[in-house]
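The next block holds one structure in the form of structure tokens; read it before the comments.
What follows draws every value from the coordinates through simple rules; no lab data is involved. This is a predicted model, so every value here is computed, not measured. Every residue, glycine among them, receives a Cβ derived from its backbone with ideal geometry; neighbour counts consider all protein chains shown.
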DNA sequence: TATTGTTATACTCTATAACTATA
DNA sequence: TATAGTTATAGAGTATAACAATA
């Protein structure tokens, strides 16, 4: 027993986090928060938060997509998407057109203004990718993305 | 102009998210949320959320660590740690002892009960790692963790 | 004067229940 | 009966300002 007695009055000089740093979830979260933090800074000029960028991106590449489809592909709950879509609409970045064969649904489309914004925003996103990827070789970036997708897709 | 006219009444059958899936931040966030979701389920028996597990883990491996050190290593703001520490203390999982040479600070230590809980919780965490890693080879898990750390460390 | 721990508080994000219009 | 979009609302997570005690 004597050998396992803790001395309660010893100060910690350097915090050891090696255990947590061995866990996939811990590292994925820390890395995601780091990248998203930089994303927030760079995208501030366009007034686009990560979710708004994602929504705009999916609409850009899928003109006519519905709210429900957006929710499913981005893992957003319908009530939480409403405000986002309304805000983008109010900013004149998207427009809502009737769905061709479903009176309940609404097709989402980018406006000319929204398209122009996203062209610039995706260039900035690409720059940010290179910035993050500067710590990794292009090959490592590809490997990282592939491995991450294996986990959640 | 004619060729760039969009037809507003076409339905989207399959949503294309390939662009977002090329971005590191998007993938890191989706992967982190997926793993953390499973973590939440498995750790529910111990009533430990990811942050609480992280805090308990750091205290376990660094007896006498201060709140301030915890905040710095886990990237938590001091006001937000207070409630977490108080709750763990109230549950009898940790205890707060005077700091050896700083009257302002408090050293955090796990109790016997806290130690026993964490022994079991870390086994469960290891199982979860294997579960997540089942989609990856052990080698790929190691690669993934290393690449993620290059990004945020 | 600076730092540790704390309170109060505000803001954002996420989640659930329930409604309407249409299928 | 089920689904798309919406409203209201509750809860969790994250942020800043300010204070007492100690360095």
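Numbers for the structure displayed
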| item | result |
| --- | --- |
| Shielding by partners, peptide B:29-42 (average Cβ within 10 angstrom, other chains) | 6 |
| Model label zone, residue B:19; criterion: amide N under 12 Å from point 7 Å along Cα-to-beta-carbon; scope region A:91-129 | A:110-111, A:114-126 |
| Estimated distance in nm for a label pair at residue A:44 and residue B:77, the labels positioned 7 Å out from Cα along Cα-to-Cβ | 1.5 nm |
| Inter-chain Cβ neighbour average for residues A:125-132, partner chain, 10 Å | 3 |
| Alpha-carbon centroids, region A:14-39 and region B:82-136: separation in whole Å | 18 Å |
| Distances in nm from residue A:76 to the matching label points in the other copies, shortest first (labels 7 Å along Cα to Cβ) | 3.0 |
| Reciprocal mean inverse distance between Cα atoms of region A:18-152 - Kirkwood radius, Å | 16.6 Å |
| Estimated FRET transfer efficiency (residue A:127, residue B:97; beta-carbon r; R0 35 Å; 0.05) | 0.10 |
| Acute angle (nearest 10 degrees) that the helix B:78-90 long axis makes with the longest principal axis of chain B, alpha-carbon atoms | 60 degrees |
| Residues residue A:104 and residue B:113, FRET efficiency given R0 of 35 Å [Cβ-Cβ distance, rounded to 0.05] | 0.05 |
| Cα-Cα pairs of the protein assembly as shown separated by more than 35 Å (percent) | 34 percent |
| Förster radius 30 Å - calculated FRET efficiency between residue B:89 and residue A:51 (Cβ-Cβ, nearest 0.05) | 0.25 |
| Over the protein assembly as shown: helical MRE at 222 nm, DSSP H runs n ≥ 4 each giving -39500 (n - 2.57), nearest 500 | -19500 deg cm²/dmol |
| Peptide ranges B:84-92, B:114-122, B:64-72 listed from the most packed, as the mean C-beta count within 10 angstrom indicates | B:64-72, B:114-122, B:84-92 |
| Average beta-carbon neighbours from other chains, 10 Å sphere, peptide A:53-63 | 4 |
| Across the identical copies, how the residue B:92 labels are spaced - nm, sorted shortest first, 7 Å along Cα→Cβ | 6.5 |
